[in-house]
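Here is the structure we will look at, set down as structure tokens.
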Amino acid sequence: MANPFYSGTVAVIGLGYIGLPTAVVLASRGVRVIGVDLNPVTVERVGRGEIPFFEPDLATSLSGAVALGNISATMETPVADAYIIAVPTPITPDEQADMSAVFAAAAALAPQLRPGAIVVLESTSPPGTTEELSRTLAAARPDLTFPDDVNDSPDIYIAHCPERVLPGRLMVELVENNRVIGGLTPECAERAAEIYRVFCRGEIQLSDATSAEMAKLAENSYRDVNIAYANELSMICDKLGLDVWEIVKMANHHPRVNILQPGPGVGGHCIAVDPWFLVGVAPEEAVLIRTARMVNDGKPLHVVQQIRKSAGRFREPVVACLGLSYKANVDDIRESPAVEIVAALAEQEPATTILVSDPMLSRLPASLASFPNLTLVKTQDAIAAADIVALLVDHNQFRTLSRKLLEGKVVLDTRGIWR
Ligand code: SAJ
């Protein structure tokens, strides 16, 4: 059945962690969706109704949408009434925003634009990107009018709607979370909002595109700064021989204090990346934001030093490293501090046997596969053989482990779950 509120076809460019769930949520509400991705394996799998990565409830929703006939996948950008761009915006090795995927998507969709089309950028972007996207499309299509030239009724409407969903809860948060939609003109925002109202039960706040870009970066930088505070506290507590978890718990009893949880570092494709976009546009002003990035980026090294210090007590040490993903209960290893810790340890301690275990992963990531002193094994086998157990990710399976297994081992619990 078609959706009664939005009758257009939506092309979702990029079938990753944000694009695919968004495509599926729209399709399962009766919108005709065409998913576009450069990766032929992703396109083939999505077309068959198979998820290319794990996310709770995504598999059932995708197979339902495929069964309804509302979603298809292709490598070619089609003609559509609306385009949602949800491609990666990583950083370069020197911490600059790499917007090449956004502009490659724009180049591919420009020839397909028809009057009345809406283009929504969801990818997290430095302030000003949506305006630049509009100028790029306008240059490619001089036959059409864009919000830049005609304020009231351009041929093409352009907006930024930053994603806000938390991996591990994507399918719930896509529907429940409030959204910000920033249009290049108020009408652009309103047109884009018509699509999001199909599935979003949260409040939709309308704004301008650059403010929406800035709001998204403010959100993720806020979290990074707060995690950095917790991580800095943990390093101070290590120095003083204090239990940071106990300190945080006590401090959080204050009615206006809510310290986040220290960990082995900050990973993922968002919090560890997006603050750099603010540093990039305002290097002199973004002092705290840059410092927080450096504190969080320094935490994995601190953990490596702790493990090495403990390993020094054994003649032929065996270290079990539990968890590789960037956070609990996901299989995503992008920017994962756990992977960084394991790699550094394997490199710096060639004589140490490292047994890695992650119930979310069936094989070692390519960056770890070539270390001769490193093997992926079952959790219980890793712990049984280990002198030192380093807990790097708080997966549910690790939380519920029998503490008896840890008896007689040196335990380095970077997530504070075994206290
Ligand atoms: N972490 C800690 N301590 C904490 C919380 C998190 O060490 O108390 C670590 C995690 O282990 C992980 C990293 O921080 O390595 C990031 O995890 P996360 O759960 O804080 O965030 P993400 O990256 O999974 O998702 C974030 C969310 N942003 C905010 O909460 C402000 C999400 O809403 C965004 O949609 C997402 O970034 C995104 O795509 O931008």
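Side notes on the structure shown:
- Restricting the search to helices (runs of 4 or more DSSP H) fully inside the stretch 328-399 and requiring at least 3 residues that are buried (at least 19 other Cβ atoms within 10 Å of the Cβ) gives 337-348, 379-385.
- The set of residues from the stretch 199-213 being within 10 Å of residue 160 (Cβ to Cβ) and either among the hydrophobic types (A, V, I, L, M, F, W, C) or assigned to a loop (DSSP other than H, G, I, E, B) (or both) comprises 209, 212.
- Of all the numbered requirements in (1) within 16 Å of the ligand (Cβ to nearest atom); (2) farther than 30 Å from residue 114 by Cβ, residue 175 misses one, and that requirement is (2).
- Selection from the stretch 272-296 of residues that are assigned to a helix (DSSP H, G or I), in contact with a helix residue (DSSP H, G or I) (Cβ under 9 Å, 6 or more places away or on another chain) and not hydrophobic (A, V, I, L, M, F, W, C): 275, 290, 291, 293, 296
- Criterion applied to 156, 227 was being away from the ligand (no atom under 12 Å from the Cβ), touching a residue at least 24 places away in the same chain (Cβ under 8 Å) and either β-branched (Val, Ile, Thr) or within 20 Å of residue 116 (Cα to Cα) (or both), and the one residue passing it is 156.
- From the list 62, 68, 26, 15, the one residue that fits, being within 16 Å of the ligand (Cβ to nearest atom) and touching a residue at least 24 places away in the same chain (Cβ under 8 Å), is 15.
- Given (1) within 24 Å of residue 377 (Cβ to Cβ); (2) out of contact with any Pro (no Cβ under 7 Å at 6 or more places or on another chain), index of the condition residue 282 fails: (1)
- For first residues located in the stretch 315-330 and touching a residue at least 24 places away in the same chain (Cβ under 8 Å), partners that are in a strand (DSSP E or B) and within 16 Å of the ligand (Cβ to nearest atom) and lie 6+ apart or on another chain with Cβ distances below 6 Å form the pairs 321/390; 322/391.
- Residue list for the stretch 200-213, filter: in contact with a Pro (Cβ under 8 Å, 6 or more places away or on another chain) and either in the same structural domain as residue 185 (by TED's automatic domain parsing) or closer than 26 Å to residue 25 by Cα (or both): 206, 212, 213
- When 249, 216, 239 are checked against the criterion of being among the charged types (D, E, K, R), within 16 Å of the ligand (Cβ to nearest atom) and more than 25 Å from residue 87 (Cα to Cα), 249 stands alone in meeting it.
- Which numbered condition residue 162 misses (of (1) assigned to a loop (DSSP other than H, G, I, E, B); (2) more than 30 Å from residue 58 (Cα to Cα)): (2)
- Residue satisfying all of: in the stretch 304-343; polar (S, T, N, Q) and touching a strand residue (DSSP E or B) at 6+ places or on another chain (Cβ under 7 Å); farthest from the ligand (Cβ to nearest atom) among these: 310
- Within the stretch 121-138, considering residues that are hydroxyl-bearing (Ser, Thr, Tyr) and surrounded by 21 or more Cβ atoms within 10 Å (Cβ to Cβ), the one nearest to the ligand (Cβ to nearest atom): 124
- So residue 206, is it within 13 Å of the ligand (Cβ to nearest atom) and surrounded by 15 or more Cβ atoms within 10 Å (Cβ to Cβ): no
- Considering the stretch 235-268, and only residues there that are in contact with a Pro (Cβ under 6 Å, 6 or more places away or on another chain) and either without any contact (Cβ under 8 Å) to a residue 60 or more places away in the chain or not small (Gly, Ala, Ser) (or both), the residue that is surrounded by the fewest Cβ atoms within 10 Å (Cβ to Cβ) turns out to be 244.
- Scan of the stretch 228-256 for residues that are of a type in the set (A, V, I, L, M) and under 23 Å from residue 287 (Cα atoms), ordered by number: 228, 230, 233, 235, 236
The values are calculated or read from the model by the stated rules, or taken from the named source; none is laboratory data. From a predicted model like this one, the values you see are computed outputs, not experimental measurements. Here Cβ is always computed from backbone atoms with ideal geometry, including for glycine, and neighbour counts include all displayed protein chains.
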